[in-house]
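Participant: Can you keep this structure in mind? I'll have questions shortly.
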2 protein chains.
Amino acid sequence: MSPILLNGIGTVDDHSEYIEPEVPFKNPQIHVKNPHLDTMEEDILYHFNLGTKTHNLPEMFGDIKFVCVGGSANRMKSFAQFIHQELALPGNMDDVTDICEGTDRYSMYKVGPVLSISHGMGIPSISIMLHELIKLLHHARCIDFILFRIGTSGGVGLAPGTVVVTDKAVDCFFRAQFEQVVLGKVVTRSTELDVGVSKELLQCSSELEDVPTIIGNTMCTSDFYEGQGRLDGALCSFSTEDKLEYLRKAFNTGVRNIEMESTVFAAMCRACGIKAAVVCVTLLNRFDGDQIATPHDVLVEYQQRPQVLVAHFIKKRLGLVV
Amino acid sequence: MSPILLNGIGTVDDHSEYIEPEVPFKNPQIHVKNPHLDTMEEDILYHFNLGTKTHNLPEMFGDIKFVCVGGSANRMKSFAQFIHQELALPGNMDDVTDICEGTDRYSMYKVGPVLSISHGMGIPSISIMLHELIKLLHHARCIDFILFRIGTSGGVGLAPGTVVVTDKAVDCFFRAQFEQVVLGKVVTRSTELDVGVSKELLQCSSELEDVPTIIGNTMCTSDFYEGQGRLDGALCSFSTEDKLEYLRKAFNTGVRNIEMESTVFAAMCRACGIKAAVVCVTLLNRFDGDQIATPHDVLVEYQQRPQVLVAHFIKKRLGLVV
């Protein structure tokens, strides 16, 4: 609990920042940082349509060791089916069922020790999911797991199809931090990710064909058009040269791709002591254009690359490949 | 085009704000504010899986007079079916098909002059949809239409089930503005909505039974848990009293409900000269709690109230009821 937060809250005009203290990665335990949870008789995970009274969460989820999240519900279903196949699990991969069936906010699939969940687009959407996911893993008493975001992104100076494993997740001002407003006060959180997992992912990529991978910074924006310097939105007040100047600045600070979820993902995982990595494929090189005009089948192949890479990581960790 | 924007862009540490000039509602024309669009040979509306070369947008959408958007894909399909029934259109209401079938980012249904689209959760998600929707309506040469957001929200000092028609959409500091970052520079936009449409909606509610409706301010946050003062997230560093103090402050500034999309919705519609309204039902009274524990069938009935209200508005405008 932060005395600065507790004392300073509520003055509407006081947007002063409070930088939360660093939390070392406390693997293997997960740390929900909320003393109120212990006092609740029941916890309804509303957007998952799950709850502590209605579901036996330790029985349903207690053996989870890898959690993979991504924007699209269809893609996360495909990933669950792919992992089913890769881990050579019994049963038919087409039989995976959506655990969040009663709601259309998110989709969730469990395949052996792997949980695959969709999170929609943007920081608020993934943030709701992460709050409920972290509580779910806490209630289920999961230990020693790794959380991956596998997604799509725009590339900055990279050939389309390149996979970027995120070094630092940075905001639209190129700062490695996430600003969370809590009761009208800005709280700044670190977006540092787990270096060991990133390096292990890069090593995995070198053992695969056709998954070109680099480690670089990932810029996270709250808007796909104006916020990422696209010239093709409904609103645009800048020139092509302005756009390119902004992208060059981003590149010079180490940014290699742009997406819309990595900072809050990194910040929440770090705050709760969860080992996490962000693995996104680039669908285009933003220096060359803004529209995604690549043929559908090529895009589908690109989108499989983060899945193939993370699947290889999981199989190695499980001792299924050397 | 703003000279301040064009000249000031790119200095990373310069987050100075630029307040865009007010645009009066330029009904009936829609104004995409992007000179680059005219120079594009093709416009791919990527997240709708539609495009100007692959689809005849004027033929598909030219007769649209009412656009209704909401977070959940299932709910927006139900709304399309409900409107089909209410307008007594020919054919079977169960046959409405998703125009965005090739993607799972958004769902879209057209029923006579009404378009029903899902936008997911949070400002970034609805913002992507709005950019592509506004371009779609522009390409389709639609004129004289009204845009409604029909959604769910947390109530502030209201009985659950009350419908709030938004007067001012305010941010988490209770300011009636939306901050859009454009190439690393903060641009501030007005979130004023159309007063005439709001009043007409309130009048409509008085002609209906069981749709208790008020006009009030709507607070839009980027987070469902810490950002709205909930005590039940994975992270919470404040006390019950801190939470209640924040909600009381919100109430005293005129806030009657809290959701996650209204500011950018209002700002983009205003910037493009589109008449728009926000109509959200409250699922709980936040002074009484944080968890949504209301029985499913009651929630379903609550969620129908904005639909019933907007359907009545549409029928009156079309002369189907007096």
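Participant: Return the residue satisfying two criteria in turn: it lies in region B:97-126 and is assigned to a strand (DSSP E or B) and within 23 Å of B:Asp194 (Cα to Cα), and of such residues it is farthest from the other protein chains (Cβ to nearest Cβ).
Facilitator: Kept after step one, since they are assigned to a strand (DSSP E or B), are these residues of region B:97-126: B:108-111, B:114-118.
Subsequent filtering for residues that are within 23 Å of B:Asp194 (Cα to Cα) retains B:114-118.
On the way: B:Val114: 21, B:Leu115: 16, B:Ser116: 14, B:Ile117: 14, B:Ser118: 8 Å.
Looking at residues that are assigned to a strand (DSSP E or B) and within 23 Å of B:Asp194 (Cα to Cα), I get B:Val114.
Participant: Shifting gears a bit: Could you say which residue among A:Gly151, A:Gly157 is assigned to a loop (DSSP other than H, G, I, E, B), in contact with a helix residue (DSSP H, G or I) (Cβ under 9 Å, 6 or more places away or on another chain) and at pLDDT 95 or above?
Facilitator: Numbers: A:Gly151 fails: assigned to a loop (DSSP other than H, G, I, E, B).
The match here is A:Gly157.
Participant: Going by what's in this entry, would B:Arg175 be described as among the basic types (Lys, Arg), over 26 Å from B:Phe79 (Cβ atoms) and without any contact (Cβ under 8 Å) to a residue 12 or more places away in the chain?
Facilitator: Details: among the basic types (Lys, Arg): yes; over 26 Å from B:Phe79 (Cβ atoms): yes; without any contact (Cβ under 8 Å) to a residue 12 or more places away in the chain: yes.
Yes: the conditions hold for B:Arg175.
Participant: I would also like to ask the following. Considering only strands (runs of 3 or more DSSP E) fully contained in region A:182-282, which possess at least 1 residues that are away from every other protein chain (no Cβ under 14 Å)? Full working, then the answer.
Facilitator: Numbers: elements: A:185-190, A:213-220, A:255-259.
Once the strands (runs of 3 or more DSSP E) in region A:182-282 are filtered for at least 1 residues that are away from every other protein chain (no Cβ under 14 Å), what remains is A:213-220, A:255-259.
Participant: Here is a further query. For B:Gly157, which of the numbered conditions (1) within 13 Å of chain A (Cβ to nearest Cβ); (2) closer than 19 Å to B:Thr221 by Cβ; (3) open to solvent by 10 Å² or more (accessible area, probe 1.4 Å) fails to hold?
Facilitator: (1)
Participant: Next up: Among the candidates A:Val278, A:Val300, single out the residue that is within 15 Å of the chain's Cα centre (by Cα) and either within 30 Å of B:Leu235 (Cβ to Cβ) or open to solvent by 50 Å² or more (accessible area, probe 1.4 Å) (or both).
Facilitator: Numbers: A:Val300 fails: within 15 Å of the chain's Cα centre (by Cα).
So the residue among A:Val278, A:Val300 that is within 15 Å of the chain's Cα centre (by Cα) and either within 30 Å of B:Leu235 (Cβ to Cβ) or open to solvent by 50 Å² or more (accessible area, probe 1.4 Å) (or both) is A:Val278.
Participant: Does region A:47-103 hold any residues that are of a type in the set (Ser, Thr, Tyr) and more than 21 Å from B:Tyr225 (Cβ to Cβ), and which are they? Before the answer, list the steps.
Facilitator: Of the residues in region A:47-103, the ones of a type in the set (Ser, Thr, Tyr) are A:52, A:54, A:72, A:78, A:97, A:103.
Residues satisfying the conditions are A:Ser72, A:Ser78, A:Thr97.
Participant: Please go through region B:171-222 and pick out each residue that is open to solvent by less than 50 Å² (accessible area, probe 1.4 Å), within 14 Å of B:His312 (Cβ to Cβ) and aliphatic (A, V, I, L, M).
Facilitator: B:Val197, B:Leu201, B:Leu208, B:Val211 - these are the residues of region B:171-222 that are open to solvent by less than 50 Å² (accessible area, probe 1.4 Å), within 14 Å of B:His312 (Cβ to Cβ) and aliphatic (A, V, I, L, M).
Participant: Quick one: is B:Glu41 modelled with pLDDT of 95 or more, more than 9 Å from chain A (Cβ to nearest Cβ), assigned to a helix (DSSP H, G or I) and open to solvent by 40 Å² or more (accessible area, probe 1.4 Å)? It would help to see each step written out before you state the result.
Facilitator: Numbers: modelled with pLDDT of 95 or more: yes; more than 9 Å from chain A (Cβ to nearest Cβ): yes; assigned to a helix (DSSP H, G or I): no; open to solvent by 40 Å² or more (accessible area, probe 1.4 Å): yes.
No: the conditions fail for B:Glu41.
Participant: Could you grab the pairs with beta carbons closer than 7 Å, sequence gap of 6+ or different chains, first residue in region A:282-299 and over 17 Å from A:Pro212 (Cβ atoms), second one surrounded by 13 or more Cβ atoms within 10 Å (Cβ to Cβ) and charged (D, E, K, R)?
Facilitator: Between residues of region A:282-299 that are over 17 Å from A:Pro212 (Cβ atoms) and residues that are surrounded by 13 or more Cβ atoms within 10 Å (Cβ to Cβ) and charged (D, E, K, R), the close pairs are A:Asp290/A:Arg230; A:Asp290/A:Asp232; A:Gln291/A:Asp232.
Participant: Separate question: I'm checking my understanding of the structure. Among residues of region B:44-81 that are of a type in the set (A, V, I, L, M) and part of a helix (DSSP H, G or I), which one is most open to solvent (accessible area, probe 1.4 Å)? Steps first, answer last, please.
Facilitator: So the first thing to find is which residues in region B:44-81 are of a type in the set (A, V, I, L, M), and the list is B:44-45, B:50, B:57, B:60, B:64, B:67, B:69, B:73, B:76, B:80.
Narrowing the set further to residues that are part of a helix (DSSP H, G or I) leaves B:57, B:60, B:73, B:76, B:80.
Details: B:Leu57: 3, B:Met60: 63, B:Ala73: 30, B:Met76: 0, B:Ala80: 2 Å².
Step by step, filter region B:44-81, then rank; the result is B:Met60.
Participant: Sticking with this structure for a sec: Among the residues of region A:233-256, are any buried (at least 22 other Cβ atoms within 10 Å of the Cβ), touching a residue at least 60 places away in the same chain (Cβ under 8 Å) and over 30 Å from B:Phe265 (Cβ atoms)?
Facilitator: yes
Participant: Condition check: open to solvent by 10 Å² or more (accessible area, probe 1.4 Å), under 26 Å from B:Ala73 (Cα atoms), assigned to a loop (DSSP other than H, G, I, E, B) and of a type in the set (Asp, Glu). Does B:Asp290 satisfy that?
Facilitator: Numbers: open to solvent by 10 Å² or more (accessible area, probe 1.4 Å): yes; under 26 Å from B:Ala73 (Cα atoms): yes; assigned to a loop (DSSP other than H, G, I, E, B): yes; of a type in the set (Asp, Glu): yes.
Yes, satisfied.
Participant: Do you know which residues across region B:132-154 are polar (S, T, N, Q) and surrounded by fewer than 24 Cβ atoms within 10 Å (Cβ to Cβ)? Break it down stepwise before answering.
Facilitator: Filtering region B:132-154 for residues polar (S, T, N, Q) gives B:152-153.
Hit for region B:132-154 is B:Thr152, nothing else.
Participant: Of everything in region A:127-154, what is more than 14 Å from every other protein chain (Cβ to nearest Cβ), among the basic types (Lys, Arg) and touching a strand residue (DSSP E or B) at 6+ places or on another chain (Cβ under 8 Å)? Give them in sequence order. Talk me through it step by step, then tell me what you get.
Facilitator: First, pick out the residues of region A:127-154 that are more than 14 Å from every other protein chain (Cβ to nearest Cβ): A:141, A:143-146, A:148-150.
Now drop any that are not among the basic types (Lys, Arg), which leaves A:141, A:149.
Residue satisfying the conditions is A:Arg149 alone.
Participant: Further question: Tell me which of these B:Met129 doesn't satisfy, since it passes every other one: (1) touching a Lys or Arg at 6+ places or on another chain (Cβ under 9 Å); (2) within 25 Å of B:Asn252 (Cα to Cα); (3) open to solvent by less than 30 Å² (accessible area, probe 1.4 Å); (4) outside any loop (DSSP other than H, G, I, E, B).
Facilitator: Among (1) touching a Lys or Arg at 6+ places or on another chain (Cβ under 9 Å); (2) within 25 Å of B:Asn252 (Cα to Cα); (3) open to solvent by less than 30 Å² (accessible area, probe 1.4 Å); (4) outside any loop (DSSP other than H, G, I, E, B), the lone unmet condition for B:Met129 is (2).
The values are calculated or read from the model by the stated rules, or taken from the named source; none is laboratory data. Quantities reported herein were computed from a predicted structural model and do not represent experimental measurements. Cβ sites come from the backbone with ideal geometry, for glycine too, and all protein chains shown count toward neighbours. Ligands, DNA and RNA are stripped out before the accessible areas are found, and what is left, the full protein with its side chains, is counted by its heavy atoms. Shrake-Rupley method; radii C 1.70, N 1.55, O 1.52, S 1.80 Å.
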